[in-house]
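Enquirer: Here it is, the structure in full.
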Amino acid sequence: MKKQAWIDYEKAAEIGIKVILGILVLTVVLGTIFYFLGWFNEAALVAKKEFGAKAALSKYEWFVSQANGIEKMNKDISLFEARTKSVDEQYKGYGEDKAKWPLHISAQYSREKQLAIDDLIAVVSQRNNLVKEYNSASEKFNWRPFNSRKDRPKESFM
């Protein structure tokens, strides 16, 4: 005859509760650890994105490109200033007093002079915008190390 086993249900319930609480505590602890590891992983990804070799090269090339664009605009401004002066030189033969010029010559001079001034203002405006972008990027914490010029260009040309 087999011996009948008596099951202590209270003890089994107590063990079950301890197991469930242990699993719950383990889940909370592991979840917290993985949560903070996720923060470290995200920080590492951001650092790689902003300071990695590819980002460094891209930012340095941007600064060089902007600096070259600013230098080109400075030369263009000199050309447009010379063009503005050359309009005066072309019409010098008509005399100093523009009121005595023939009407069609005066109108033609005014158009050419205004066009030269408008072109000069447009180039100066483009140059000033490039400089503002360059100087603004120079101030950013994550762009400063890649700046190709230590002396920043003047913000306003005129």
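Enquirer: Which one is farthest from residue 109 (Cα to Cα), of the residues in the stretch 56-89 that are exposed (fewer than 15 other Cβ atoms within 10 Å of the Cβ) and of a type in the set (A, V, I, L, M)?
Expert: In this case the residue turns out to be 56.
Enquirer: Please give the number of the condition residue 100 fails out of (1) over 20 Å from residue 123 (Cα atoms); (2) surrounded by 10 or more Cβ atoms within 10 Å (Cβ to Cβ); (3) in contact with a Phe, Trp or Tyr (Cβ under 9 Å, 6 or more places away or on another chain).
Expert: Unmet for residue 100, out of (1) over 20 Å from residue 123 (Cα atoms); (2) surrounded by 10 or more Cβ atoms within 10 Å (Cβ to Cβ); (3) in contact with a Phe, Trp or Tyr (Cβ under 9 Å, 6 or more places away or on another chain): (2).
Enquirer: Inside the stretch 14-72, can you point out the residues that are over 29 Å from residue 136 (Cα atoms) and either touching a helix residue (DSSP H, G or I) at 6+ places or on another chain (Cβ under 6 Å) or not hydrophobic (A, V, I, L, M, F, W, C) (or both)?
Expert: Those that are over 29 Å from residue 136 (Cα atoms) and either touching a helix residue (DSSP H, G or I) at 6+ places or on another chain (Cβ under 6 Å) or not hydrophobic (A, V, I, L, M, F, W, C) (or both): 14, 16, 18, 22, 27, 31, 32, 35, 38, 41.
Enquirer: Let me ask something else. Could you list all residues from the stretch 5-56 that are of a type in the set (Asp, Glu) and assigned to a helix (DSSP H, G or I)?
Expert: Filtering the stretch 5-56 down to residues of a type in the set (Asp, Glu) leaves 8, 10, 14, 42, 50.
Passing the criteria: 10, 14, 42, 50.
Enquirer: Here are 80, 51, 36, 63: which of them is touching an Asp or Glu at 6+ places or on another chain (Cβ under 8 Å) and either assigned by TED's automatic domain parsing to the domain that holds residue 134 or of a type in the set (Phe, Trp, Tyr) (or both)? Quick ask: steps written out before the conclusion?
Expert: On the way: 51 fails: touching an Asp or Glu at 6+ places or on another chain (Cβ under 8 Å); 36 fails: touching an Asp or Glu at 6+ places or on another chain (Cβ under 8 Å); 63 fails: touching an Asp or Glu at 6+ places or on another chain (Cβ under 8 Å).
Just one listed residue meets the conditions, 80.
Enquirer: Just one of 18, 48, 11, 100 is under 30 Å from residue 130 (Cα atoms) and among the basic types (Lys, Arg); which is it?
Expert: Being under 30 Å from residue 130 (Cα atoms) and among the basic types (Lys, Arg) holds for just one of 18, 48, 11, 100, which is 48.
The values are calculated or read from the model by the stated rules, or taken from the named source; none is laboratory data. Values in this document were obtained by computation on a predicted structure and should not be read as measured data. Cβ coordinates were reconstructed from backbone atoms using ideal geometry, including for glycine residues, and neighbour counts include every protein chain displayed.
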